[in-house]
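For reference, the structure is listed below as structure tokens.
Bear in mind these aren't lab numbers, they're just calculated from the coordinates by the rules spelled out. Predicted model only: the values in this text are computed from it and were never measured. Neighbour counts are summed over all protein chains in view; Cβ atoms, including those assigned to glycine, are modelled from backbone coordinates with ideal geometry.
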Amino acid sequence: MASDKICVVVTTIFPPSKGLQVLADGVIKHGWDFVIVGDKPTPKDFKLNGADYFSIEGQHAIDLRLPRLCPERHYSRKNIGYLIAMMRQVDIIVETDDDNIPTDLFWERRTRQFNCNMVDNRGWTNMYRFYSPSKIWPRGYPLEYLAEDSRQLPVMRTNCLSPIQQGLADANPDVDAVFRLLFELPVNFERKGPHALRSGAWCPFNSQNTTWFEEAFPLLFLPSYCTFRMTDIWRSLVAQRIMWECDWNLMFDDASVYQERNEHNLIKDFEQEVPGYLNNEKIRSLLESLPLKQGVQHLGDNLLACYQALVSNNYITSDKELLLLEAFLDDIKTIKAKA
């Protein structure tokens, strides 16, 4: 049986970091691809052995629609890295960030179907609580539901189909500005193995250590017309809603990176997270009410329906988002046609 072809995708505005260097060494050792997407502030002389770096100019030279439409100085330029990976006919995209350092677990074989712990719940589900006895929650989790966190949730052992998998991050995990202002870090998670969510359960997931199998690639789309701190969170809510129509389960798993966090202004982070604090429960309710189509063949239609709803309700601040999504989906079709 042939091994899966895997590509790591990262975007950065900094010179090569410790995390990027460790990733580059690892992909050379394990035979993976590595795509780094730059932006306007990225150093002009950026170079890293083991990685393929694409400057703004290099992105524009690609024969696809999205690179010339995607806003500059925004994390959503990572979308172009996903498309480049797809052009290489990869089976799996693993995305992370430039301040995450992979551990040995990061390089282990990934599989989409396995026996795991299924969390039998509906509504908001704080998946971090299965990996830590501390009071901790993922970025994007509605603050108004934290008081319900102490209740015991049932878990059953069953087969899961999980083409989207969230790996955790130790030391400086992905928590919101409220947590960072109130509680001390570092925090390391316990090893508890994979836990999946049944349909109807919600937990935000991020873009810092996430595995995507080919059938789920269209759900990678990151929105541009929202804040930096919400782009991957709102993507995760859209993806989860659509996953239910495919009988897929979102999976969380043990930490396989640790973060040495880039410098952040916590008050600025808080400001950028305010749209989530105010609206994530409303967005959940909106997405849950949408009459989506069943089946993997309708991923594109369902994505458009979800983002049309987010735009019409002013959570996404511009209808230009729909043009970006249409370009992203058209580019995927073009890539498949040329395969």
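Data overview
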{"quantity": "Cα centroid separation - segment 219-250 against segment 159-182, whole Å", "calculated": "15"}
{"quantity": "All-pairs Cα distance distribution in segment 85-219, expressed in whole percent, bin size 10 Å", "calculated": "10, 41, 37, 12, 1"}
{"quantity": "Order of 60, 298 - criterion: other Cβ atoms within 10 Å of each residue's Cβ, fewest first", "calculated": "60, 298"}
{"quantity": "Around residue 242: net Lys/Arg minus Asp/Glu count, Cβ-Cβ under 13 Å", "calculated": "-2"}
{"quantity": "Selected from 126, 262, 172 as most flexible by GNM, with the chain as the system and alpha-carbon contacts under 10 Å", "calculated": "262"}
{"quantity": "Potential lengthening between residue 5 and residue 113 on full extension [0.36 nm per residue; Cα-Cα distance subtracted]", "calculated": "37.2 nm"}
{"quantity": "Net charge over other residues, Cβ less than 10 angstrom from the Cβ of residue 78 (K, R count +1; D, E count -1)", "calculated": "-3"}
{"quantity": "Simple label model, 7 Å out from Cα along Cβ direction - residue 21 to residue 155, nm", "calculated": "3.8"}
{"quantity": "Relative contact order of segment 224-295, defined on C-alpha pairs under 8 angstrom at six or more residues apart (%)", "calculated": "55"}
{"quantity": "Alpha-carbon centroid distance for the pair segment 1-49 / segment 284-339, whole angstrom", "calculated": "28"}
{"quantity": "Global size of segment 240-339 as Cα Rg and Dmax, reported in angstrom", "calculated": "16.9, 46"}
{"quantity": "Max mean-square fluctuation residue, GNM over the chain, Cα-Cα springs under 10 Å, options 287, 143, 20", "calculated": "143"}
{"quantity": "Local net charge near residue 301, Cβ-Cβ under 11 Å (Lys/Arg +1, Asp/Glu -1)", "calculated": "0"}
{"quantity": "Viscosity 1.306 mPa s, temperature 10 °C, Stokes-Einstein D of segment 1-136 from Kirkwood C-alpha radius, µm²/s", "calculated": "95"}
{"quantity": "Near-label residues of segment 310-326 by backbone N, under 11 Å of a point 7 Å along Cα→Cβ of residue 69", "calculated": "320-326"}
{"quantity": "Relative contact order, percent, segment 97-338 [alpha-carbon distance under 8 Å, six or more residues apart]", "calculated": "26"}
{"quantity": "Taking N as its residue count, the alpha carbon Rg of segment 162-281 over 2.2 N^0.38 Å", "calculated": "1.08"}
